[in-house]
1. For the subset of region 145-199 comprising residues that are in contact with a Gly (Cβ under 9 Å, 6 or more places away or on another chain) and small (G, A, S), which member is surrounded by the fewest Cβ atoms within 10 Å (Cβ to Cβ)?
2. Filter region 33-55 for residues that are assigned to a loop (DSSP other than H, G, I, E, B) and of a type in the set (A, V, I, L, M); which is farthest from N74 (Cα to Cα)?
3. Would you tally the residues in region 112-124 being crowded, with 20+ Cβ neighbours inside 10 Å and out of contact with any Ser or Thr (no Cβ under 9 Å at 6 or more places or on another chain)?
4. Taking the residues in region 77-108 that are of a type in the set (S, T, N, Q) and under 16 Å from the mean Cα position of the chain (by Cα) as candidates, determine which candidate is farthest from A59 (Cα to Cα).
5. What number of residues within region 49-67 are loosely packed, with under 10 Cβ neighbours inside 10 Å and closer than 17 Å to N139 by Cβ?
6. Kindly list the number of the only condition in (1) within 16 Å of the chain's Cα centre (by Cα); (2) over 30 Å from L172 (Cβ atoms) that fails for A116.
7. For region 100-135, which residues satisfy the criterion of being closer than 16 Å to M76 by Cβ and either outside any loop (DSSP other than H, G, I, E, B) or polar (S, T, N, Q) (or both)?
8. How do the pairs read when you match residues in region 114-142 that are on the phi < 0 side of the Ramachandran plot with residues anywhere that are in a helix (DSSP H, G or I) and of a type in the set (D, E), using Cβ under 8 Å and keeping only pairs 6 or more apart or on different chains?
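The values are calculated or read from the model by the stated rules, or taken from the named source; none is laboratory data. Computed from a predicted structure; not experimentally measured. Because the Cβ atoms are built from the backbone with ideal geometry, glycine has one as well, and the counts that use them run over all protein chains shown.
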Amino acid sequence: MPEHTIGTREEWQAARAELAKLEAEQAERNEEVEQQRVALPWVPVGKEYVFDTEDGRKALAELFDGRSQLLAYNVMFGPDYTLGACPGCTSLADGLDGTLVHLNHRDVTLICFSRAPIEQLTAYKARMGWEFPYVSTYNTDFAADFGLMLTEEQAQEIPEVRQLIQDPPDWLEHWAGQVGADLKDGLRENPSWIAFAYEDGTVYHTYTVSAPDPFVAPYFSFLLERTPMPRPGDFRSWRKDEYPD
């Protein structure tokens, strides 16, 4: 249990009023960020990409499913993962199905990408009970072209990643055991949100954000942070009936 103070209602109210000022400033800053995000230039996607999906091979434009906007989350599930996807990404994905109908009614198609072959993705999706479309970028340049992965050389060129591979903390070794991959392979995946627009027959890349970012954190972390005893990083395990120590 974390350390905490005991106070009167008046002391709580005064402290809460100070926090409310900071929260208001944060909300104002978030609005500024949103305005800049919307103002980003759209970049035409000139390269042809064809993906393996549960319904056969599809081009990028076909993934929009008749809508003008495509929002995708890149789940850390590389071709070298033998046991399943990243537990944190799995936890995030657990919350996506409830958003599908609301996004669809707002002209947005929501999907997930991963680099593992489609057979692994469909099996994992069935195991987790997910409904959203799950698309494989295996055997395409898509993940590399859009920064959703690192090559082995790129991973070694990033000091922080190289250090984690060479001298991993206990939690990261536990993570590697959960996904069933060596860290030199497992840490090459980049959990990211990526957005596209489709207009007048052209697909445009509009936005990408990589972890760490509040938009990438599992949804229930937002709720845990507001409880009396939050546990940052307390991600659900990739098994529905198992939680990490």
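1. G180
2. Looking at residues that are assigned to a loop (DSSP other than H, G, I, E, B) and of a type in the set (A, V, I, L, M), I get A39.
3. The qualifying residues number 1.
4. Here the answer is S91.
5. 1
6. Only one criterion in (1) within 16 Å of the chain's Cα centre (by Cα); (2) over 30 Å from L172 (Cβ atoms) is unmet by A116, namely (2).
7. I111, C112, F113, S114, Q120, L121, Y124, K125, M128, Y134, V135
8. Within 8 Å, the pairs are M128/D94; W130/D94; W130/D97; E131/D97; F132/D97.
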